[in-house]
Amino acid sequence: MKKIAVLGSTGSIGTQTLEIVRDHPKLQVAGLAAGANVDLLERQVREFRPRLVSLQSEADCKELRTRLADMDVQVLPGMEGLLAIAEMEESEMLVTAIVGMIGIRPTIAAIRKRKDIALANKETLVTAGHIIMPLAAEMGVSILPVDSEHSAIFQALQGERRDRVSKLIITASGGPFRGWNRQALEKVQREDALRHPNWSMGHKITIDSATLVNKGLEVMEARWLFDVDLDRIQVVVHPQSIIHSMVEYVDGGIIAQLGTPDMKLPIQYALFYPDRRPLAGKRVDFYALGSITFERPDPETFTGFGLALRAAAEGGSIPTVFNAANEKAVSLFLDRKIRFPEIPEIIEMCMDAHVRIDNPSVEEILRTEQETYERICTKF
């Protein structure tokens, strides 16, 4: 029996993780954390019977305690709850499916308790990779990627020597606006940006895919996850989303991981690594597919991608500013308070205004996040 805890259990990755648990009796849920979805979390608690759960607000926790009065479960609010779930003695693995830099402290807490991490919270490595990866190595903890692209790279590295890697090739669908120009992007509405051609994801990551910011974040994450210099990470637009990413070796050989656009495969691979388990679902039909194509990304139109590469190159606290500014800008766009092209404009404004910190601590990362939010709030 393998016991896991899930942060972000009511989101896209969290709910799919629990679908896998439902199909595998050898998995058991010890803890669940959600944001504000009391109804869904109650249903999850009644089905999976965790010992400890969390919601962000005390008011929501009070409501959930009342609903679950017939059950033996502890309900804790906010960061207190996230840290308690991360540190649970009975849990062997923490699935970090929570969105945002709020995932940093619980991830560190779980690593210090020597728990493996199934990582779907890319902000953790984007902003604190210089802290997370050395700590994981010190504690003998595995960081198992759940993002489809990083899982693909991780799978393509199995059985190979890391010093024989030439470069990592991260694929991108191109999002719903592939081939558009900057003038066309001026007319984009919320509904347009949430209409991804291949993937079904949460709102935040879907918008990040539409701006290509997501690919920039994935480059930053891959740098830390696989200990590869930025100049050996390439992004290729692959509209069919069948090749999830590739690794090129020094002899010119390229190993790719292919599959349908379904997050359950990378989630399950992380949960059971190094084993592979049967997984129901569609399979790639090469006869129906016919062909696959590749294109260069367009940083001139999708300026957020270029800004991400700049943030990755500058390092220090700049990736934190990039990430925080993007989070706030995406939230404003989803609330219809800014236009789609203003997302990268806000990111650039914040990056230009920030005084870079070379090797930020967790406290400095979180302070930089808050300062970035405040800078945006004074203007919007």
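None of the figures in this text is laboratory data; all of them are computed from the coordinates on show. These numbers come from a predicted model, not from an experiment. Cβ atoms come from the backbone with ideal geometry, glycine included; neighbour counts cover every protein chain shown.
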Please give the calculated 222 nm ellipticity per residue for the chain, where each DSSP H segment of at least 4 residues contributes -39500 (n - 2.57) and the sum is spread over every residue; nearest 500 deg cm²/dmol? -14000 deg cm²/dmol
Please list the non-local residues whose amide H lies under 5 Å from the amide H of VAL235, H modeled 1.01 Å from N, same-chain partners needing a gap of 5 or more. ILE170
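Kindly identify the stretch 197-299 as rounded, prolate or oblate by the Cα gyration tensor criterion: order the square roots of the eigenvalues as a ≥ b ≥ c, call it rounded if a/c is under 1.5, otherwise compare a/b with b/c, prolate if a/b is larger, else oblate.
rounded
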Which aspartates and glutamates have a Cα lying under 14 Å from the Cα of LYS187, excluding residues fewer than 8 positions away in the same chain? GLU342
So which trypsin sites (Lys or Arg not before Pro) in the stretch 216-277 end up in coil per DSSP with only 13 or fewer other C-beta atoms within 10 Å? ARG276
10 Å Cβ shell holding at most 14 others, DSSP loop, GluC sites (Glu not before Pro): longest site-free stretch of the chain: 187-299
Subtracting the Cα-Cα distance from 0.36 nm times the residue separation, let me have the gained length for GLU92 to SER57 in nm, one decimal. 9.9 nm
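Provide, for the stretch 239-380, the number of lysine pairs with alpha carbons under 14 Å apart, each pair being eight or more places apart or on different chains.
Counting lysine pairs in the stretch 239-380 gives 4.
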Please list, by residue number, every one of the trypsin sites (Lys or Arg not before Pro) in the stretch 104-163 that is coil in DSSP and has at most 11 other beta-carbon atoms within 10 Å. ARG114, ARG161
I want to check the label-to-label distance for ALA313 and LEU289. Put each point 7 Å from Cα in the C-beta direction and report it in nm to one decimal. 3.4 nm
Just check the stretch 240-366 against the gyration tensor rule for me: Cα atoms, a ≥ b ≥ c as the square roots of the eigenvalues, rounded for a/c under 1.5, and otherwise prolate or oblate depending on whether a/b exceeds b/c. prolate
For LYS122, list the aspartates and glutamates whose Cα falls under 14 Å from its own Cα; do not include residues on the same chain fewer than 8 positions away. ASP147, GLU149, ASP208, GLU218, GLU221, GLU327
Placing +1 on the Cβ of each Lys and Arg and -1 on the Cβ of each Asp and Glu in the stretch 201-290, which of SER245, GLY216, GLY290 has its Cα farthest towards the positive end of the resulting dipole? GLY290
Of (i) 18.8; (ii) 20.5; (iii) 23.3, which one was derived for mean projected area of the Cα convex hull in nm² from the structure shown? (i)
Any idea how far apart ARG164 and VAL236 come out in nm if each label point goes 7 Å out from Cα toward Cβ? 2.0 nm
To the nearest Å, what is the center-to-center distance of the stretch 116-134 and the stretch 176-208, using C-alpha atoms only? 27 Å
Quick one: if the Förster radius is 51 Å, what FRET efficiency do ARG43 and ARG114 give, using the C-beta to C-beta distance and rounding to 0.05? 0.95
Expected output is a single nm value to one decimal: the length gained when fully extending between ARG67 and MET1, i.e. 0.36 nm times separation in residues minus the C-alpha distance. What is it? 20.9 nm
Loop trypsin sites (Lys or Arg not before Pro), the stretch 1-80 (other Cβ atoms within 10 Å of the site Cβ: 13 or fewer; DSSP): LYS26
Once ASP192 and LYS282 are pulled to full extension, the length gained, defined as 0.36 nm per residue separation minus their Cα-Cα distance, is 29.7 nm
Placing +1 at every Lys and Arg Cβ and -1 at every Asp and Glu Cβ, with all other atoms neutral, what dipole size does the chain have around its Cα centre, in debye to the nearest 20? 720 debye
